[in-house]
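Contents: one structure, followed by commentary.
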Amino acid sequence: MDNELRDGSSIPSDRIKLLQIIKNEKLSKLIRFSWWESKESMEQCEIAQDEVFSLTAGPLLLYFESGLVIGAASDPSRNSVILWVEKDDTGYIKDESIENDTDLYPIDAEDKIYSSPYWIQIVGQNIKEINIIKRDPQNALFEELPNEVGLEIVMENDMKFILSHGLHDDSDDFSVLTTSQLEVDLIASLKWFAC
């Protein structure tokens with residue numbers, strides 16, 4: 001993988017080349033790195049036990065069978081989801097790797113307690129389609145921002161998930177959502193763009 005793809009974190013439209021690489025790749029693991037242990041996340045985020053993977057605070061790592069690992073989070077200053085290369089198949093590992101951050105607590109998508117059974121149908125599938133979700137600017141302050149509030153990933157079995165910047169509660173929190181978790185009132189302000 002070339003150095004250009006490894007440089008920092010950026011919004012999805014600046015990462016089209018990286019997104020093209022992961023199309024047709026098998027997703028072998030999804031791990032959320034929470035600011036709190038699972039049980040404490042339920043209290044801090046006021047969420048149900050099986051929603052901790054989706055709705056806790058903290059970044060997500062997407063692991064691919066090829067050895068590539070991509071990180072995802074959100075950046076309120078850009079009102080967008082952001083992506084970066086955490087690891088690649090050449091041995092590159094990002095400085096200050098999330099996996100090595102002892103202040104974060106890993107929660108696997110396939111966790112039988114702190115995740116829902118939905119995610120078991122995602123892991124192990126190949127990615128078929130990727131769409132950037134943009135939101136109409138809410139006010140003049142957002143006019144100059146990218147507003148790339150989501151990245152929808154469609155698997156070969158047609159199951160979908162969304163790397164989201166506040167699409168479940170109109171906040172600036174990062175979350176990993178199923179389509180059913182989208183805030184209904186926001187849908188009219190969203191537009192999908194194929195990568």
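Net charge of the neighbourhood of G67, taken over other residues with C-beta under 9 Å away and scored Lys/Arg +1, Asp/Glu -1, is -2.
Mind checking Rg over Rh on the chain, alpha carbons, Kirkwood formula for Rh? Over the Cα atoms of the chain, Rg/Rh equals 0.94. With a cut-off of 10 Å between beta carbons, the residues surrounding Q181 carry a summed charge of -3, where Lys and Arg count +1 and Asp and Glu -1. One quarter of the surface of the convex hull around the alpha-carbon atoms of the range 1-61 equals 5.6 nm², the direction-averaged projected area.
With all protein chains in place and a 1.4 Å probe, the accessible surface of the chain carries 47 percent carbon and sulfur.
Considering every Cα-Cα pair within the range 112-195, what fraction, in whole percent, is farther apart than 21 Å? Distances greater than 21 Å cover 32 percent of the Cα pairs.
Each residue of the range 24-35 was assigned a 3J(HN,Hα) from its phi angle through the Karplus curve 6.51 cos²θ - 1.76 cosθ + 1.60 (θ = phi - 60°); the sequence is 6, 7, 7, 7, 8, 6, 10, 10, 8, 10, 7, 5 Hz, with glycine and proline shown as x. For the chain, with a Gaussian network of springs between Cα atoms less than 10 Å apart, report the residue from N24, N79, N131 with the top mean-square fluctuation. Maximum fluctuation in the GNM of the chain, among the listed residues, is at N24. Take every Cα-Cα distance within the range 1-107, group them into 5 Å bins from 0 onward, and report for each bin the whole-number percent of pairs it holds. Bin by bin from 0 Å, the calculated values are 2, 12, 21, 22, 20, 13, 7, 2, 0. Per residue, the accessible area of the range 63-195 comes to 47 Å², computed with a 1.4 Å probe over protein heavy atoms only. Taking springs between alpha-carbon atoms closer than 10 angstrom, which of I122, I107, I93 fluctuates most in the Gaussian network model of the chain? Of I122, I107, I93, the most mobile in the Gaussian network model is I93.
Under a Gaussian network description of the chain, with springs only between Cα atoms under 10 Å, the residue in L182, L61, L151 that fluctuates furthest is L182.
May I have the pair-distance distribution P(r) for the range 75-152, computed from all Cα-Cα distances with 5 Å bins from 0 and rounded to whole percent? Going out from 0 Å in 5 Å bins, the range 75-152 shows 3, 11, 12, 14, 20, 20, 12, 6, 1 percent.
The values are calculated or read from the model by the stated rules, or taken from the named source; none is laboratory data. The structure presented is a predicted model; accordingly, all values stated were derived computationally and were not measured. Cβ coordinates were reconstructed from backbone atoms using ideal geometry, including for glycine residues, and neighbour counts include every protein chain displayed. Surface accessibility is based on the protein's heavy atoms, side chains included, excluding ligands, DNA and RNA. Shrake-Rupley method; radii C 1.70, N 1.55, O 1.52, S 1.80 Å.
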